[in-house]
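See below for the structure under consideration.
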Amino acid sequence: MLSMSRGAYIQIFSEFFPVIAFFAAGQLFSFMTAAIILIATTLLSLLVSLINIGKIPVMPIFSGSIVFIFGGLTLYLDQPDFLIFADTFYFFSLAAIIAFFFWRKKHFLEHMFDMTFAMKSKGWHILSQRWLVVLILAGIGNEFVRLAFTPEVWINYRFVKILVIIGFSFYQFRLSKKYRISGESNSLGLRTKPKA
């Protein structure tokens, strides 16, 4: 088993548990029931982070806030479109933030995932460039499906889209391995020691 810090495990759990739960619920129940499960599991993942590492990482706070706002609107107004648009908003917002940090010659992804990866600055730069392109494409694709298809079709589309993004994420281990900080990470660049 790969050696990782506790914070790395918690951050990975916080990111993927609500996504998987929503996918499963979307296949078994109505859209509105899946939305409730997404909100509940997002809250649970944030609480797990807070209890286990004493804080909630930046990325789960950002994504969780979007889920609570747009998911709440979906349930209150009985309009699936709000939760579907949340993905568009999420992708374009992250792309804009990454682009802004590039302009400032900094790397936002380093702030989001520094508890998970121990990587040199050049690695964070390349990773940020790649994610900027992927996020823009994901936002465009999500908006197209939102406008052209039903919420049920979107659930299936979102499932495939997330699988592609997860595959892309795993491919980035080649990058984190190449630019890992020796002594602070394992062979894949995953942080083994808490950041000082």
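Of all residues in segment 85-103 being out of contact with any Gly (no Cβ under 9 Å at 6 or more places or on another chain) and among the β-branched types (Val, Ile, Thr), which is surrounded by the fewest Cβ atoms within 10 Å (Cβ to Cβ)?
Per the stated criteria, the residue is Ile97.
Is it the case that Phe82 is modelled with pLDDT of 90 or more, over 25 Å from Arg146 (Cα atoms), surrounded by fewer than 21 Cβ atoms within 10 Å (Cβ to Cβ) and of a type in the set (Phe, Trp, Tyr)?
Taking the combined requirement at face value, the residue does not satisfy it.
Return the pair list, or none, for Cβ contacts closer than 9 Å from residues in segment 73-99 that are farther than 10 Å from Leu135 by Cβ and without any contact (Cβ under 8 Å) to a residue 40 or more places away in the chain to residues that are surrounded by fewer than 16 Cβ atoms within 10 Å (Cβ to Cβ) and among the polar types (S, T, N, Q), at least 6 apart or on different chains.
Matching pairs, first to second residue: Leu73/Gln79.
In segment 104-120, is there at least one residue being at positive phi, assigned to a loop (DSSP other than H, G, I, E, B) and either surrounded by fewer than 17 Cβ atoms within 10 Å (Cβ to Cβ) or of a type in the set (D, E, K, R) (or both)?
The answer is yes; a qualifying residue exists.
Quick one: which of Phe144, Phe170 is modelled with pLDDT of 85 or more and surrounded by 12 or more Cβ atoms within 10 Å (Cβ to Cβ)?
Phe144
Taking segment 22-41 as the search range and keeping residues that are of a type in the set (S, T, N, Q) and assigned to a helix (DSSP H, G or I), which one is modelled with the lowest pLDDT?
To start, the set of residues in segment 22-41 that are of a type in the set (S, T, N, Q) comprises 27, 30, 33, 41.
Filter once more, keeping what is assigned to a helix (DSSP H, G or I): 27, 33, 41.
Values: Gln27: 88, Thr33: 95, Thr41: 93.
Checking each candidate, the answer is Gln27.
Is there any pair with a first residue in segment 112-129 that is closer than 19 Å to Leu94 by Cα and a second that is in a helix (DSSP H, G or I) and among the acidic types (Asp, Glu) whose Cβ atoms are under 7 Å apart and which are 6 or more apart or on different chains, and what are they?
The qualifying pairs are Trp124/Glu110.
Which members of segment 132-144 meet the condition of being aliphatic (A, V, I, L, M) and touching a residue at least 24 places away in the same chain (Cβ under 8 Å)?
Once the filter is applied, which keeps residues that are aliphatic (A, V, I, L, M) and touching a residue at least 24 places away in the same chain (Cβ under 8 Å), segment 132-144 yields Leu132, Val134, Leu135, Ile136, Ala138.
The values are calculated or read from the model by the stated rules, or taken from the named source; none is laboratory data. Keep in mind it's a predicted model, so treat the numbers as computed, not measured. Don't worry about glycine lacking a Cβ; one is built from the backbone with ideal geometry, like all the others, and counts go over all protein chains shown.
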